[in-house]
Amino acid sequence: AMEVITDHEWLRGEFITTVQKRGAAIIAARGKSSAASAANATIDHVKSFLHKTPEGQWFSAAVASDGSYGIDEGLMFSVPLVSDGQGNYSVVQGLSWSDFAKEKIQATLEELRTEKETVADLLR
């Protein structure tokens with residue numbers, strides 16, 4: 001996105017805030033639940049797993065980490081994936097991230113680690 005959208009301040013600020021508040025924006029615009037939007041996103045997500053990923057493309061989805069990209073093994077985390085169209089997926093290796101992306105990934109990782117620790121007693 002950074003190559004296509006040249007307003008990096010907007011991308012790092014207003015865009016992220018807008019995405020974070022999209023559920024409330026849908027409710028405000030439609031006067032109804034954002035569940036239909038979430039359901040549509042879920043359908044698109046499942047299709048990404050069921051259909052072969054076109055060559056040179058990938059999609060992002062939360063799966064149990066295999067340790068790639070420094071994510072704790074077994075932690076549910078969104079990573080770049082490709083699907084073989086037979087229900088199998090693999091993590092895309094070797095992608096490089098901007099410092100900004102690394103910062104956001106690290107913040108998310110720390111948040112998930114904290115959440116995992118918070119409920120650890122409930123999982124025993």
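The values are calculated or read from the model by the stated rules, or taken from the named source; none is laboratory data. As the structure is a prediction and not an experimental result, all values here were calculated from the model. We place every Cβ from the backbone using ideal geometry, glycine too, and count neighbours over all the protein chains shown.
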Quick one: count up the residues across region 56-85 that are touching a residue at least 40 places away in the same chain (Cβ under 8 Å) and in contact with a strand residue (DSSP E or B) (Cβ under 8 Å, 6 or more places away or on another chain). 1
Conditions (1) without any contact (Cβ under 8 Å) to a residue 24 or more places away in the chain; (2) part of a strand (DSSP E or B); (3) surrounded by 15 or more Cβ atoms within 10 Å (Cβ to Cβ) -> L11 fails only (2)
Going through region 58-92 in order, the residues found to be loosely packed, with under 10 Cβ neighbours inside 10 Å and over 18 Å from A107 (Cα atoms) are Q86, G87, N88
Residue check: is S48 in a helix (DSSP H, G or I), at pLDDT 90 or above and not β-branched (V, I, T)? yes
Of the residues in region 64-91, those that are outside any strand (DSSP E or B) and of a type in the set (A, V, I, L, M, F, W, C) come to I71, L75
Does A28 meet the test of being out of contact with any Cys (no Cβ under 6 Å at 6 or more places or on another chain) and closer than 28 Å to R113 by Cα? no
Considering region 109-124 alone, what residues qualify as being without any contact (Cβ under 8 Å) to a residue 24 or more places away in the chain, over 14 Å from G70 (Cα atoms) and assigned to a helix (DSSP H, G or I)? E111, T114, E115, E117, T118, V119, A120, D121, L122, L123
Within region 30-73, residues being within 17 Å of V91 (Cα to Cα) and either of a type in the set (A, V, I, L, M, F, W, C) or in contact with a Ser or Thr (Cβ under 7 Å, 6 or more places away or on another chain) (or both) number 17
Reported set for region 96-108 where residues are over 15 Å from the mean Cα position of the chain (by Cα) and in a loop (DSSP other than H, G, I, E, B) is S96, S98
Answer yes or no: is there a residue in region 14-29 that is part of a helix (DSSP H, G or I), basic (K, R) and either surrounded by 10 or more Cβ atoms within 10 Å (Cβ to Cβ) or at pLDDT 80 or above (or both). yes
Residue that is closer than 26 Å to K102 by Cα and touching a helix residue (DSSP H, G or I) at 6+ places or on another chain (Cβ under 7 Å), where the choices are F59, F15, F49: F59
